[in-house]
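Each remark here refers to the structure printed beneath this line.
Where a number appears in this text, it was derived from the coordinates with a stated rule and is not lab data. Here the structure is a predicted model, which is why all the values come from computation and not from measurement. All Cβ positions, glycine included, derive from the backbone under ideal geometry; neighbour counts span all protein chains shown.
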Amino acid sequence: MSAQPTCLYCQHANPANQSECRQCGMPLPAEAGLAGERRLRRFTWFCVGLTIFCVVMFFWLPRDIA
Ligand SMILES: [Zn+2]
């Protein structure tokens, strides 16, 4: 399950198991796309949880503070 690693510098799609970019010669990140996707998903769920938390607090906390 290794997609084509995209170069971070020139955005050139390289074949799998390639350690350097074929176009610019810069080293490619090892499975950076997969890790980035996982991190993005975790961040999305964090935002969803934070939104739910804020909505719950909005209705749960008393409003007559002032
Ligand atoms: Zn490149």
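Miscellaneous remarks
- Descending by average beta-carbon neighbour count within 10 Å, the peptides 41-47, 3-9 line up as 3-9, 41-47, the highest first.
- Per-residue extension of 0.36 nm, minus the Cα-Cα distance of F58 and S19, leaves a gain of 9.0 nm for this segment.
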